[in-house]
1. Sort out for me the Cα centre separation of segment 28-106 from segment 1-19, rounded to whole Å.
2. Semi-axes of the equivalent ellipsoid of segment 93-171: what are they in whole Å, largest first, if each equals the square root of 5 times a C-alpha gyration tensor eigenvalue?
3. Return the Rg/Rh ratio of segment 3-82 with Cα-based radii and a Kirkwood Rh.
4. Show me 83-89, 159-165 ranked by packing, highest mean number of other Cβ atoms within 10 Å first.
5. Using R₀ = 35 Å, calculate the FRET efficiency as 1/(1 + (r/R₀)^6) where r is the Cβ-Cβ separation of residue 135 and residue 77; round to 0.05.
6. Multiply the residue separation of residue 56 and residue 2 by 0.36 nm, subtract the distance between their alpha-carbon atoms, and state the gained length in nm to one decimal.
7. Assuming 0.36 nm per residue, please report the length gained on full extension of the stretch residue 88 to residue 67 beyond their Cα-Cα distance.
8. Relative contact order of the chain: what whole-number percent is it, with Cα pairs under 8 angstrom and at least 6 residues apart?
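Derivation of every value follows stated rules applied to the coordinates shown; laboratory data play no part. In this text the structure is predicted, and so the values were computed from the model without any measurement. Don't worry about glycine lacking a Cβ; one is built from the backbone with ideal geometry, like all the others, and counts go over all protein chains shown.
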Ligand SMILES: [Zn+2]
């Protein structure tokens, strides 16, 4: 379930434009949200740990719209539990990751964005998190946080390294 799908279901509309402070916190969105927040964050998949955080936050909030959020989570809970958290050992085997990984390969092309090597030249390609998933778990399934690297370039980059090798034009506006 994507953040925008959650918000649409909660408000019963097709283009929800608002969220509660406690929801923003659970999703890692600054509050009050800046212009373009929905475009930037709406397509992020809600992981099981985000869903847990969100549920606790909603239950602690007395707002009427928070109760609607809990009802949406109740309906989606079984599916949400299947989407592992960013630091879950099963993360890289999850369907949610494989789906966004493929989107990244289609978006950036099947070649290393750092050195240009490709499967045709013998490279094994990895889809890398620009902002590391262990430090930014809320961006683990965010297409805009992914780049394509060959195995060698990826191995040269530590889990804490935030080097963005994507072309500047392409990277503009994605942070
Ligand atoms: Zn490379």
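1. 12 Å
2. 18, 14, 12
3. The Rg/Rh ratio comes out at 0.92.
4. Top to bottom by mean Cβ count within 10 Å: 83-89, 159-165.
5. In this case the efficiency is close to 0.80.
6. 17.6 nm
7. 4.7 nm
8. Relative contact order comes out at 19 percent.
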